[in-house]
Amino acid sequence: MSLIGLHVSISGGFLKAIERGKAFGCEAIQIFTKNQLQWKAPSIPPSQGIAFLKALRESGIRKVVAHASYLINLASEGDQKRKSVEALIGELDRCDQLGIGELVLHPGAHLGLGEKRGVENLQDGLRCVLAKTSHLKVKILLETMAGQGTVLGARLELFREVLEGLGWDERLGLCLDSCHLHAAGYEFRERSSYEHFARSLEKVFGLSRIGCWHLNDSRAERGSLRDRHQHLGDGEVGLKFFSMILNDDRWEDVPLILETPKDGTGDAGNMALLRKLRGY
């Protein structure tokens with residue numbers, strides 16, 4: 001069975017994040033391990049990490065994934081690239097201190113350098129980070145993106161190129177975002193197209209590489225390249241896809257994390273809908 005949950009705030013401390021996830025009945029949660037709009041953060045004391053793991057075990061939440069800062073852009077160059085590498089190393093350390101095994105990372109934007117150069121920069125940055133954190137087991141999950149502007153990651157072939165260039169390092173995987181994939185032009189809304197998409201993922205990447213899904217409907221039409229998250233069932237993706245993924249044994253123990261809007265039906269409504277679609 002897949003693990004449904006939310007991105008929850010760490011405002012007030014990491015233990016508050018667990019409390020928030022528990023209050024919504026989450027089986028998995030996603031958090032930032034620091035202020036995601038700042039480059040640096042103080043280290044996490046061992047006692048804080050121990051308290052977090054203890055509270056997590058007692059909460060019933062089975063898995064936590066972290067999301068890296070939006071400031072990190074490994075596809076860039078110069079000072080931004082240097083700061084991004086340092087920041088990503090720091091985030092992997094923080095995940096390790098909290099016992100978190102996966103860190104979701106946006107692949108970055110080439111900022112006018114061109115996709116080829118951006119991919120080369122991304123590979124170079126990941127190679128450096130993986131080498132400097134070889135003592136850690138934390139995996140980096142590269143997130144699929146909608147493709148707006150110069151952002152990398154709208155094409156799954158790009159991720160294959162990155163992984164091949166890094167020798168299919170075992171610490172690299174993918175986070176699949178339903179809204180982003182839809183905006184990038186992928187079709188999976190009917191049973192036949194969903195099965196084709198899932199089988200292609202298994203063939204090209206292997207299911208073990210898929211460490212997380214972000215579940216979002218989309219306000220924008222397929223192929224729009226526009227990142228516009230919507231409540232489940234209120235957008236262009238529709239409920240059928242979410243029902244199929246929730247009841248697919250291929251995603252056994254994989255976190256399915258909601259990143260839907262907070263207004264309207266909100267987290268409670270979207271979580272209730274996930275349970276209904278899954279059958280309880």
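The values are calculated or read from the model by the stated rules, or taken from the named source; none is laboratory data. Note that the structure is predicted; figures quoted are calculated from it, not measured. Cβ atoms come from the backbone with ideal geometry, glycine included; neighbour counts cover every protein chain shown.
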Kindly check whether there is at least one residue in region 73-94 that is farther than 21 Å from residue 122 by Cα and at pLDDT 95 or above.
yes
Per the list (1) in contact (Cβ under 8 Å) with a residue 24 or more places away in the chain; (2) part of a helix (DSSP H, G or I); (3) closer than 13 Å to residue 6 by Cβ, residue check on residue 245 breaks on (3)
Matching residues in region 168-186 (among the small types (Gly, Ala, Ser) and either at pLDDT below 95 or surrounded by fewer than 18 Cβ atoms within 10 Å (Cβ to Cβ) (or both)) number 1
Within region 187-194, can one find any residue that is buried (at least 23 other Cβ atoms within 10 Å of the Cβ), of a type in the set (D, E, K, R), within 24 Å of residue 141 (Cα to Cα) and in contact (Cβ under 8 Å) with a residue 12 or more places away in the chain?
no
Selection over region 10-59 where residues are without any contact (Cβ under 8 Å) to a residue 40 or more places away in the chain and on the phi > 0 side of the Ramachandran plot yields a count of 2
Condition broken by residue 82, with the remaining ones in (1) in contact with a Leu (Cβ under 7 Å, 6 or more places away or on another chain); (2) surrounded by fewer than 20 Cβ atoms within 10 Å (Cβ to Cβ) satisfied:
(1)
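Can you say whether residue 208 is under 16 Å from the mean Cα position of the chain (by Cα), surrounded by fewer than 17 Cβ atoms within 10 Å (Cβ to Cβ) and either on the phi < 0 side of the Ramachandran plot or not basic (Lys, Arg) (or both), as far as the supplied structure shows?
Answer is yes for this residue.
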Of the residues 268, 220, which single one is in contact with a Lys or Arg (Cβ under 7 Å, 6 or more places away or on another chain) and on the phi < 0 side of the Ramachandran plot?
220
Pick from region 1-21, criterion part of a strand (DSSP E or B) and among the hydrophobic types (A, V, I, L, M, F, W, C), ranking: nearest to the chain's Cα centre (by Cα):
6
Can you pull out every residue in region 208-236 that is in contact with a Cys (Cβ under 8 Å, 6 or more places away or on another chain), among the acidic types (Asp, Glu) and not in a strand (DSSP E or B)?
227
Before we move on, is residue 200 out of contact with any strand residue (DSSP E or B) (no Cβ under 9 Å at 6 or more places or on another chain), outside any loop (DSSP other than H, G, I, E, B), of a type outside the set (Lys, Arg) and surrounded by 15 or more Cβ atoms within 10 Å (Cβ to Cβ)?
no
Name, by its number, the condition in (1) closer than 22 Å to residue 104 by Cα; (2) charged (D, E, K, R); (3) surrounded by 17 or more Cβ atoms within 10 Å (Cβ to Cβ) that does not hold for residue 252.
(3)
Complete set of residues in region 260-270 that are surrounded by fewer than 17 Cβ atoms within 10 Å (Cβ to Cβ), under 17 Å from residue 67 (Cβ atoms) and touching a residue at least 60 places away in the same chain (Cβ under 8 Å)
none
Residues (in contact with a Leu (Cβ under 6 Å, 6 or more places away or on another chain) and over 22 Å from residue 40 (Cα atoms)) located in region 55-71
55, 62, 63
Taking into account only those residues within region 20-36 that are surrounded by 20 or more Cβ atoms within 10 Å (Cβ to Cβ) and polar (S, T, N, Q), which is nearest to residue 269 (Cα to Cα)?
30
Residue among 187, 157, 170 that alone is part of a helix (DSSP H, G or I) and of a type outside the set (Val, Ile, Thr)
157
